[in-house]
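Below: the structure, in structure tokens.
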Amino acid sequence: MQTNNQSTLYTPGLCGLINIGNTCFMNSALQCLSNIPDLTQWAQCRNFQSTIEYNGIIYVYTSLIKAMWSGENNSFNPQDIKQIVSHSAPIFTDYGQKDSHEFMNSLLNALEKTNF
């Protein structure tokens, strides 16, 4: 789809995640979570008031969702979410193949600890 200013816009939500190493397990979990309407709507409406919030899991996750659903990207690098989940779940520190469900649980547990 073309706009009047000739910039390319993509369908919101149809955004691929770049495979960094062997991280397709992570990308599939993130794609699933990004298609939960209530969670995605919450992430898109989230605004940050303090610099402390900019460094946390909520900021990184909501930034990912906003990028995926903005219509401005056809792909996105999920490096920041991988890095921050790895802090609470060191098994994800390397770039090897892991279990998608285990990654999803680790991400949701990290979000839950923030009382989001």
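Please treat every number below as a calculation from the coordinates, not as lab data. The structure presented is a predicted model; accordingly, all values stated were derived computationally and were not measured. All Cβ positions, even for glycine, are placed from backbone atoms using ideal geometry, and neighbour counts span all protein chains on display.
Miscellaneous remarks
- Taking a sphere under 12 Å around the Cβ of N105 and counting the other residues whose Cβ falls inside, with K and R at +1 and D and E at -1, yields a net charge of -2.
- Length-normalised contact order for the chain - Cα pairs under 8 Å, 6+ apart - percent: 36 percent
- Environment charge at A67 (Cβ cut-off 15 Å; Lys +1, Arg +1, Asp -1, Glu -1): +1
- Here the scattering of the chain is modelled by Debye summation over its C-alpha atoms, one equal scatterer each and no solvent; at q = 0.10 Å⁻¹ the log10 of I(q)/I(0) is -0.30.
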